[in-house]
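Presented below is the structure to which this report refers.
The values are calculated or read from the model by the stated rules, or taken from the named source; none is laboratory data. Note that the structure is a prediction, hence the values are computed from the model and not measured. Here the Cβ positions follow ideal geometry from the backbone for every residue, glycine too, while neighbour counts run over all protein chains shown.
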């Protein structure tokens, strides 16, 4: 998220984290561009009015650099011209301040799912089901209680089901940029998930697989 009003930025970050997003913040356009052009993100929330480089310039420069991450542009201006300008610069969606936080969450979820070509709010693999609106997880009809990090990890794996995901990819998508992650942190959380969605269902086939030397995948094959 690129937002120069620090109080607003931290409030949005806190709300997004409660919805199991990992959030990095930049407080000016240059820092935002540097982060967004060098790190892999699922979504960029970009304010229009920024110091050092405004949101339109950030957006245009990212698209010129072939960064295709979905961009949700925020602004205090609600005139049609500003919306058209933002969309023409390469933004995917537009939200005028003030906005309802529930609307921001809905748009963020829709845009962050777009690269995986699914707008479903219910994700399924075998008899495991995730409701991405309520954050409820069930297997074989039984609710599974997960921490925020466990939920984020599981959703990321399921959105990439059958694909091998490296530890670095998991760290980049599940934890914040400045999080203090130990080398075995991913292994620890994979173990937590295995206990809850595989080992607790002894009569069901395991879904989480270790691909030695490469990473992990979730599959029902």
Among the residues that make up the range 131-145, is at least one of them closer than 17 Å to residue 22 by Cβ and either out of contact with any strand residue (DSSP E or B) (no Cβ under 7 Å at 6 or more places or on another chain) or modelled with pLDDT of 90 or more (or both)? yes
Residue among 196, 167, 148 that alone is under 19 Å from the mean Cα position of the chain (by Cα) and buried (at least 17 other Cβ atoms within 10 Å of the Cβ): 167
Looking only at the range 113-124, decide whether some residue is over 14 Å from the mean Cα position of the chain (by Cα), surrounded by 15 or more Cβ atoms within 10 Å (Cβ to Cβ) and at pLDDT below 95. yes
Only residues that are buried (at least 19 other Cβ atoms within 10 Å of the Cβ) and touching a residue at least 40 places away in the same chain (Cβ under 8 Å): list them for the range 126-143, please. 128, 137, 139
The range 86-112 - residue that is more than 17 Å from residue 49 (Cβ to Cβ) and surrounded by fewer than 15 Cβ atoms within 10 Å (Cβ to Cβ) and, of those, modelled with the lowest pLDDT: 88
Scanning the range 1-27 residue by residue, those in contact with a strand residue (DSSP E or B) (Cβ under 7 Å, 6 or more places away or on another chain) and more than 16 Å from residue 39 (Cβ to Cβ) turn out to be 3, 4
